[in-house]
Amino acid sequence: MKYEYKPSFDKTLGKMHSIRKEEASSAISELIDFFETGKKPRGLGLKHLKDTFWEIRFNIRDRIIFTMENDTVSFIIAGNHHEIKRFLKRI
């Protein structure tokens, strides 16, 4: 499995406070571990949205949207519930 971070992800993550960045990083690590081991960690909140789009939760309010195509996971955007809803309306 390959992992890539899109510029949109880096931009949205860059606007967050350091605590939220750490939570996002931890959630991504858990997701990668899940893909590598097959053991889903509790509280990851992995959810299929539509087509190739998925989300994970990194705290009660914030989400990360990513796509899975073939053997590549692309992290697209990180944000709160409202930012994610706005993004999903545009795709």
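Take every Cα pair under 8 Å whose residues are at least 6 apart in sequence, average their separation, divide by the length of the range 2-90, and the relative contact order is 31 percent.
Estimated at 0.36 nm per residue, the fully extended path between residue 49 and residue 85 surpasses their Cα-Cα distance by 11.9 nm.
The simple spin-label model puts a point 7 Å past each Cα toward its Cβ; for residue 40 and residue 59 those points are separated by 2.4 nm. If R0 is taken as 35 Å, the Cβ-Cβ distance between residue 18 and residue 70 corresponds to a FRET efficiency of 0.55.
For residue 3, the residues 5 or more places off, or on other chains, whose built amide H falls under 5 Å of its own are 73. If you take the Cα centroid of the range 15-45 and the Cα centroid of the range 69-85, the two points sit 13 Å apart. Just how many pairs of Lys in the chain have C-alpha atoms closer than 15 Å, counting pairs that are eight or more places apart or on different chains? Taking the Cα cut-off of 15 Å, the pair count is 5. Maximal additional length on extending the residue 1-residue 33 stretch stands at 10.4 nm, based on 0.36 nm per residue less the C-alpha distance. The residues neighbouring residue 59, those whose beta-carbon lies less than 11 Å from its own, together hold a net charge of +1 under the Lys/Arg +1, Asp/Glu -1 convention.
Laboratory data are not the source of any read-out in this text; all were calculated from the coordinates shown. Just so it is clear, the structure is predicted and the values come from calculations on it, not from any experiment. Positions of Cβ are generated from backbone atoms using ideal geometry, with glycine treated the same way; all protein chains shown enter the neighbour counts.
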